[in-house]
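Read-outs: derived from the displayed coordinates by stated rules, not from any lab. The model shown is predicted, which means the values in this text are computed figures rather than measured ones. Quick reminder, even Gly has a Cβ in these numbers, built from the backbone with ideal geometry, and neighbours come from all protein chains shown.
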Amino acid sequence: FLQVDNGYTYLEPGIYQHLDYVDSWICSSAKFPGGARKIAELIRARGLEPGIWFNPDFYNYELKPGQRDVICRDVNGRARGSLWIKHMPDMSDYTITNYYVPVFEAFKKAGFKYLKIDGLRHILFEGLNIAYEPKEAQRRLRNFALAARVALGDDVYLLGCWGMLTEIAGTFDACRI
């Protein structure tokens, strides 16, 4: 495997008024003309399996009027963030279905056989656990992990990043600890 890490995106991925979330992850950039699909092709052409890094952050967060809020908030309504995650996703079924599943499907369609999902411990401990009761926080992260596995299928190697999290046990192939 050859994993492309952070820096391949068109701009900081997120929710923009003029761009779909999935496009903020897979479109061409000055460094990588041809976008995610071309990156995977170039890696395969060298005899390696293409892998790619993903962080379920909404680095940019520009909601359109009437668009649903999808980030974690504390009891005072303040948006949650951390050093590593700018806008903590709420990992609701809505967020998973409308933002993350399309990205996973796009990576698979582009030909990536390995996906590293980063920042999971931050999302759980600094976002979901602040915004929700512990069992609900765990359920949301687990649903995210299950959705990733279903969207990617068993033929894509899935690496969870930042710790051994029981919430993702049995869904990811490995965890970076």
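So how much slack lies between LYS109 and SER82, counting 0.36 nm per residue of separation and subtracting their Cα-Cα distance, in nm?
6.6 nm
Roughly what would the spin-label model give for GLU41 and ARG73, points 7 Å off Cα along C-beta, in nm?
Result for the modelled spin labels: 4.4 nm.
Note down the magnitude of the dipole of the chain about its Cα centre, charges +1 on Lys and Arg C-beta and -1 on Asp and Glu C-beta and zero elsewhere, to the nearest 20 debye.
Charge dipole, the chain, about its Cα centre: 220 debye, nearest 20.
Is any helix in the chain, taking whole DSSP H runs, at least 24 angstrom long along its axis by alpha carbon and on average at least -1.0 on the Kyte-Doolittle scale, and which ones?
134-152
Could you work out how much longer the chain between ILE130 and ALA30 gets when fully extended? Use 0.36 nm per residue separation minus the Cα distance between them, nm to one decimal.
Between ILE130 and ALA30, full extension yields an extra 32.2 nm.
Can you figure out the FRET efficiency of GLU12 with LYS64, using R₀ = 22 Å and their beta-carbon distance, to the nearest 0.05?
In this case the efficiency is close to 0.80.
Hey, what number do you get for the chain at 222 nm if only DSSP H runs of n ≥ 4 count, each worth -39500 (n - 2.57), divided across all residues, to the nearest 500?
After summing the helix terms and dividing by the residues of the chain, the value is -8000 deg cm²/dmol.
If I histogram all Cα-Cα distances within the chain using bins 5 Å wide from 0, what percent of pairs lands in each bin?
Values per bin, smallest distances first: 1, 9, 17, 22, 21, 15, 9, 4, 1, 0, 0.
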